[in-house]
Amino acid sequence: MLNRYPLWKNLLVAFVLVASAIYSLPNLYPPDPAVQISGASSALEIGQPVIDKALAALAGKQVEVAGSEFDAKSALLRLASIEDQLRAQSAIKRALGDDYVVALNLAPTTPAWLAAIGGAPLKLGLDLSGGVHFLLEVDTQAAVAKRIGVYETDIKKKLREARVRGLVRVVDNARVEASFADEQARTAAVGVIQDANPELQRLMEERDGKFLLTLTIGEQQIKEMEDYAVNQNLTTLRNRVNELGVAEPMIQKQGRNRIVVELPGVQDTAEAKRILGKTANLEFRLEARPDASGADKEQFEFRDQRSGERSAWLERDLIIGGDRVTGATSSFDENGRPQVNINLDSQGGTLMNRATRDNIKRRMAVLFLERKTRTTGYEEGPDGLDIPVLERYDEKKIISLATIQSALGVQFRITGLDSPAESAELALLLRSGALAAPLDFVEERAVGPSLGADNIRMGVQSLMIGAALVFIATLVLYRMFGVFAVVALISNVLMLVAAMSLLSATLTLPGIAGIVLTVGMAVDANVIINARIREELRNGMPPHSAIGAGYDRAWLTIMDSNLTTLIVGVILYAIGTGPVRGFAVTLSIGIMTSMFTAVVVTRALANLVYGGRRLTKISI
């Protein structure tokens, strides 16, 4: 029958509209400001004594706590107002010390029944609801010092192979100094070094009866190393953020050696801070021989499950570093203990095979290097905040010390880890790439709306005013069919919000502009349909036939115009970044929902009102 949908199509429309309304509901529940507490190490658990200590610290600062929840890994303390977040973080940090990470957070308030069916609020960008902001500084001096150490090892090896006797050492982490007993040996060393490392600058002098050769790196080389360290850290941070699953992050270089990281809508900021800041660098070294000189070995602590804390002497020369790791996964060994399975690149596999093949029955250590900070005191800051005085230091510890039973290749495993959480974290850090240089947290803060609350309110008001004007114009011009269009527009916004929530898309201020544009484009489709129905009525077509012809003949025009806009949206998403992508996502989803509501929903409403009735005229 003309202008009647089959039952299944009516049920489909009703289902889509009801589902859109339900999955839009979580956006009516704003999150609570909160602070999150987790261990500085993933193996450190959170218990009730930690919570009690934090609550006591907040009570001392007269910070009101709205609620608390915790598990073995982290604790979340909900606060009454966002103004209390910084004071709460400062108080808890001072009470708990350096063993715990205290980070700012936003705690969701979505009802349990909505969360159970997958309902979640929209992820808002930094310009709407804020998020977490980190300013990181790359320790480029450490990158240069690391390179100097590589030169030292390489020069020692080359001189040994050339049978040139001399003492080679690093001075002030800035230059390599070689000392020889006679000028002939120094001249031979200059020839070897010039062939192997022509980029090094050489200075020869005599002091205290010894012939010295000082090797330094040129300014241009230092700049290239620093640029490489910053760019490599940028790549690694992006990989780590991807591992954390953060939508629409902003990671970019600032100045010569700083990196800005902004993570909108982050739910676990403590985990983000811990993962981003870790150097997670590994070094594979052989245990030093008993007769090795003090200049050729270093002593490190390690934990033995049977005898507790012990120390071991390792050779200064590396077999390989963490930069040779191409893959890492956590699992369990045959005894149920946590382990990390390592994959190396081809060169790393060759070096590992060569070192282990020639040293069977010797022990090889896996050395874990991490940049840390410790609190040495507190200073009184503005607004009564306790500002910690931090001291940075490098912690090096052996996480595995095992006897080499056979030659190793590109695949092997690391055992001796304390917990599955520690092995999973180590695998994540190695998988995302080693940092070329340590990172220091220069600044950490929760970011409020970058354009200000007034601008955000104006953005929302522009949407509401624009929609209201469209509603009024549509009702005046098209009467009952204007009512259908208004219902379709409201349904379109609900569907758009629900779809973005389910897809975990991030809404930014440009995204709001995309919604405004979508409303305008959606009503445009209804204008085309209604104008076509009017034209058919003027041509003398019966009302039922005019409604059917209006929808059928307007469909191709609507599809063509929306399809071209959708192609533009896809291109914007593919080549754009940040706010441009946010606009493209909103626009693309809005085009698809508007086509559904403008054609299918309004047709269903027209069928409901006019279908099956004998008509002499319609209100349009």
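Summary table
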| quantity | calculated |
| --- | --- |
| Environment charge of I558, counting only residues whose C-beta is closer than 14 Å and scoring Lys/Arg +1, Asp/Glu -1 | 0 |
| Per-residue HN-Hα couplings for segment 98-105 [Karplus 6.51, -1.76, 1.60; θ = phi - 60°; Hz; x = Gly/Pro] | 7, 6, 10, 9, 10, 10, 6, 8 |
| Amide H contacts under 5 Å for A436, placed H, 5+ residues apart | N233 |
| Sum of -39500 (n - 2.57) over DSSP H runs of 4+, divided by residues of the chain (222 nm, nearest 500) | -15500 deg cm²/dmol |
| Estimated FRET transfer efficiency when R0 is 41 angstrom, pair W113-R363 (beta carbons, to 0.05) | 0.10 |
| Calculated semi-axes √(5λ) of the Cα gyration tensor in Å (choose from (1) 34, 30, 25; (2) 64, 29, 23; (3) 38, 27, 22), label | (2) |
| Charge dipole (the chain, unit charges on Cβ, about Cα centre) - positive-most of A365, A546, V585 | A546 |
| Segment 152-215: trypsin sites (Lys or Arg not before Pro) falling in loop per DSSP and having at most 11 other Cβ within 10 Å | R163 |
| DSSP H segments from the chain that extend 15 Å or more along their own axis, Cα-based, with Kyte-Doolittle mean of 1.0 or above | 7-24, 452-502, 579-595 |
| Anisotropy class of segment 1-157 from Cα gyration tensor, a/c 1.5 cut | oblate |
| Probe 1.4 Å, all protein chains present, accessible-area order of T153, T350, largest first | T350, T153 |
| Anchor K93: aspartates and glutamates whose Cα lies under 12 Å away (excluding residues fewer than 8 positions away in-chain) | D386 |
| Gain in span if fully extended, Q221 to T375, counting 0.36 nm per residue against the direct Cα distance | 51.9 nm |
| Spacing of the two label points (7 Å from each Cα toward its C-beta) at D394 and A196, in nm | 2.1 nm |
| Cut-off under 5 Å, modelled amide H: who pairs with A107 long-range | D32, A34 |
| Qualifying GluC sites (Glu not before Pro) in segment 27-81, DSSP loop, other Cβ atoms within 10 Å at most 16 | E45, E64 |
| Summed side-chain charge close to N607 - residues other than N607 whose Cβ falls under 11 Å, Lys, Arg +1, Asp, Glu -1 | +4 |
| Extension gain from A80 to N353, taking 0.36 nm per residue of separation minus the Cα-Cα distance | 92.4 nm |
| Local net charge near P338, Cβ-Cβ under 11 Å (Lys/Arg +1, Asp/Glu -1) | -2 |
| Label-point gap, in nm, between W8 and D154 - each point 7 angstrom along Cα→Cβ | 7.0 nm |
| The chain - accessible surface per residue (Å², probe 1.4 Å) | 50 Å² |
| Carbon + sulfur, % of accessible area of the chain - ligands and nucleic acids excluded, 1.4 Å | 55 percent |
| When each of K53/K396; K253/K273; K123/K273; K297/K396 is checked by Cα-Cα distance, pairs over 21 Å | K53/K396 |
| At R0 = 25 Å, FRET efficiency that the Cβ-Cβ distance of A531 and A468 yields, to 0.05 | 0.65 |
| Candidates per GluC sites (Glu not before Pro) in segment 194-244, loop by DSSP, up to 12 other Cβ within 10 Å | E199 |
| Gain on full stretching of the segment that runs from A407 to E161 - 0.36 nm per residue minus C-alpha separation | 86.2 nm |
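The values are calculated or read from the model by the stated rules, or taken from the named source; none is laboratory data. Note that this is a predicted model, so its numbers are computed, not measured. Glycine gets a Cβ as well: all are built from the backbone with ideal geometry, and neighbour counts include every protein chain shown. These accessible areas exclude ligands, DNA and RNA; they are computed on the full protein's heavy atoms, side chains included. Shrake-Rupley method; radii C 1.70, N 1.55, O 1.52, S 1.80 Å.
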